[in-house]
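Asks: The structure under discussion is supplied below as structure tokens; questions concerning it will follow.
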Amino acid sequence: QVLSDVFNAPVYTIDTANSACLGSAYRAIHGLVAETNVSLADVVKLAPEPRLAVTPTAGAEELYRPLLKRYAELEQKVIYNPTSSC
């Protein structure tokens, strides 16, 4: 729910163990077949169907939007001047 609220986006899951590892494996396969112009969509078309897990909480965007902006500003400070304190 937190991810959905922070990024104001629905979150989908798939019914499989280690889904993060599965995603990484699909990306690896895509990399292996990159020379054949196979799209990532074609690589994952046999993946289990995703299921909607949660949607953003009403009003959460108003809370998180300024925080995301502040986070992005701090991230840019670190990237472009890593020795300064934030």
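The values are calculated or read from the model by the stated rules, or taken from the named source; none is laboratory data. This is a predicted model, so every value here is computed, not measured. Note that each Cβ is placed from the backbone with ideal geometry, even for glycine, and that neighbours are counted across all protein chains shown. Remember, those area values only see protein heavy atoms, side chains included, never the ligands or the DNA or RNA. Shrake-Rupley method; radii C 1.70, N 1.55, O 1.52, S 1.80 Å.
Asks: If you place +1 on the Cβ of every Lys and Arg and -1 on the Cβ of every Asp and Glu, how big does the dipole about the Cα centre of the chain come out, in debye to the nearest 20?
Replies: 180 debye
Asks: How tilted is helix 19-32 with respect to the longest principal axis of the chain? Cα atoms for both, answer in degrees (0 to 90, nearest 10).
Replies: The two axes meet at around 70 degrees.
Asks: Under a point spin-label approximation (7 Å from Cα along Cα-to-Cβ), what is the Asn37-Ala9 distance to one decimal in nm?
Replies: Once both label points are built, they end up 2.8 nm from each other.
Asks: Please tell me the relative contact order of the chain in percent, rounded to the nearest whole number, where contacts are Cα pairs under 8 Å and at least six residues apart.
Replies: On the way: 72 pairs, mean separation 36.9, N = 86.
Once divided by the residue count of the chain, the mean separation gives 43 percent.
Asks: So, one more: Based on the Kirkwood radius over alpha-carbon pairs, what value in µm²/s does the Stokes-Einstein equation return for the translational diffusion coefficient of the chain at 25 °C and 0.890 mPa s?
Replies: The estimated diffusion coefficient comes to 152 µm²/s.
Asks: Ok, one more. Using the charge dipole of the chain (Lys, Arg: +1 at Cβ; Asp, Glu: -1 at Cβ; taken about the Cα centre), state which of Ala25, Ala60, Tyr71 has its Cα farthest towards the positive end.
Replies: Positive-most Cα among the choices belongs to Tyr71.
Asks: Whenever you get a sec, compute what percent of the accessible area on the chain sits on carbon and sulfur atoms (1.4 Å probe). It would help to have the intermediate numbers written out before the result.
Replies: On the way: 4130 of 6890 Å².
Carbon-and-sulfur percentage of accessible area, whole number: 60.
Asks: Could you give the angle, 0 to 90 degrees to the nearest 10, between helix 60-80's Cα long axis and the longest principal axis of the Cα atoms of the chain?
Replies: Taking the Cα atoms of the chain, the angle to 60-80 is about 90 degrees.
Asks: Take the chain, connect every pair of alpha-carbon atoms lying under 10 Å apart with a spring to form a Gaussian network, then pick out the residue of Glu75, Glu61, Glu49 with the largest mean-square fluctuation.
Replies: In the Gaussian network model the winner is Glu75.
Asks: Another question about this same structure. When ligands, DNA and RNA are left out and all protein chains stay put, how many square angstrom of accessible area per residue does the stretch 1-80 have with a 1.4 Å probe?
Replies: Solvent-accessible surface per residue comes out at 79 Å².
Asks: Provide the packing ranking of 3-10, 66-73, 20-27, i.e. peptides ordered by the mean count of other C-beta atoms within 10 Å per residue, highest first.
Replies: 3-10, 20-27, 66-73
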